[in-house]
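The next block holds one structure in the form of structure tokens; read it before the comments.
The values are calculated or read from the model by the stated rules, or taken from the named source; none is laboratory data. Fair warning: this is a prediction, and the values are worked out from it, not measured in the lab. Note that each Cβ is placed from the backbone with ideal geometry, even for glycine, and that neighbours are counted across all protein chains shown. Keep in mind that these areas ignore ligands, DNA and RNA; they rest on the heavy atoms of the full protein, side chains included. Shrake-Rupley method; radii C 1.70, N 1.55, O 1.52, S 1.80 Å.
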Amino acid sequence: MSEGFRADPEALDRAAEQAHSHADRVEQHGRNLDARTRGKLLGKGRLGQIVQKAVRPVIDSMISDMSRSMARSHRSIGHGLEITKKNLDSAEESIRKSLRHHANDGDKVRVQLGQSVLGEQGMRDQYRRRVSTRIAGLRKQGHGPKRHLDPTDDMLKARLGTPAPPYQSNGQPAYHRTADGYVQTQNKIDPAHGPNPQKRLKGDALYMDAEDAARRHKCGDFSTAFKPGEDEAYLYAEQHARGRLDPAKAGPQQIEFSPEEAWGPGSDHHNRFRGYYVDPDSPVDSNGKVNYKPVDFRGAKIFALFKPDGNGGHRLVTMFPEPDRGRNR
């Protein structure tokens, strides 16, 4: 490499994030300005009406078009930086593999004054930081990591809620069931509220959706997530799903795939997942405690939902492991 040049992928990450954030601010400012000015009269009387008809559309168009154009420009810069960083990652991985392949060669790397060589551990540390940065970006796109990567096991159980009060059937208590025969639950706590929401939220607020406080949080028969420390697995699963998006389709896109498609052949990929469901045979024990059963993820799929981001691309709304129901009865 030429003297004085040093590629800093972490700086590229930060710059890309700043570009995307600036695009978000530009769009918000444009919407605010449009809301405050649209429909306002530019003059009174006959002359004012002439000016209104001639100039008002130009101003409205200028506000919206300029805002979109500026935001699109910043997003393009962000995407370009991300691509550059990705190429650097690929080049670094190639170098790392080559160094490992030639680890026992007689030739040694000659380091001159002022130069340094990033060792194996240094490369690993940089890679982990980049994975962390990308996951942080996905948290801003949707609730995928917040509900299906970050939560503790207790938070996953709390998301399932507790069984609805049973009714009497032939003199015995019977629990309400879903269409697939699982136990209906209530008072579900959204993991996206963060740790210890019981200390911060009171009353019904505890059971409302973190993204929409006007509705109660919903959860299906299973509460699932990637295991702690599986950020890299989550990242590559998202990249695989994103690669299967159809650019010709407008609107949301649902992608379902097997772990093997994302991570390659392997018989233990199911061990990267965790999750719970309420025991259909014995929902509550003799002490009134809910029986949460661990999910068997053998044969599981991964489900991802993308929505348009308003700039010609897509954002990840959510992604989670979907178990084989036949194995979990």
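Of note:
- Among the conditions (1) more than 25 Å from Ala192 (Cα to Cα); (2) touching a helix residue (DSSP H, G or I) at 6+ places or on another chain (Cβ under 8 Å); (3) of a type in the set (Gly, Ala, Ser), Gly288 misses just one, which is (2).
- For the stretch 209-259, filtered to residues that are open to solvent by 80 Å² or more (accessible area, probe 1.4 Å) and of a type in the set (D, E, K, R), the residue that is nearest to Gln184 (Cα to Cα) is Lys218.
- Some residue of the stretch 305-314 being under 24 Å from the mean Cα position of the chain (by Cα), open to solvent by 20 Å² or more (accessible area, probe 1.4 Å) and aliphatic (A, V, I, L, M): yes
- Residue count for the stretch 233-276, restricted to those that are of a type in the set (Gly, Ala, Ser) and within 20 Å of Pro308 (Cα to Cα): 6
- Restricting the stretch 147-205 to residues that are part of a strand (DSSP E or B) and among the aliphatic types (A, V, I, L, M), the residue that is farthest from Cys219 (Cα to Cα): Ala174
- Residues satisfying the stated conditions in the stretch 128-146, i.e. open to solvent by less than 70 Å² (accessible area, probe 1.4 Å), in a helix (DSSP H, G or I) and not small (Gly, Ala, Ser): Arg130, Val131, Thr133, Arg134, Ile135, Leu138, Gln141, Pro145, Lys146
- Positions within the stretch 159-191 being among the hydrophobic types (A, V, I, L, M, F, W, C) and open to solvent by 30 Å² or more (accessible area, probe 1.4 Å), in sequence order: Ala179
- Residues in the stretch 264-296 that are within 24 Å of the chain's Cα centre (by Cα), within 24 Å of Pro191 (Cβ to Cβ) and not hydroxyl-bearing (Ser, Thr, Tyr): His269, His270, Asn271, Arg272, Phe273, Arg274, Gly275, Pro294, Val295, Asp296.
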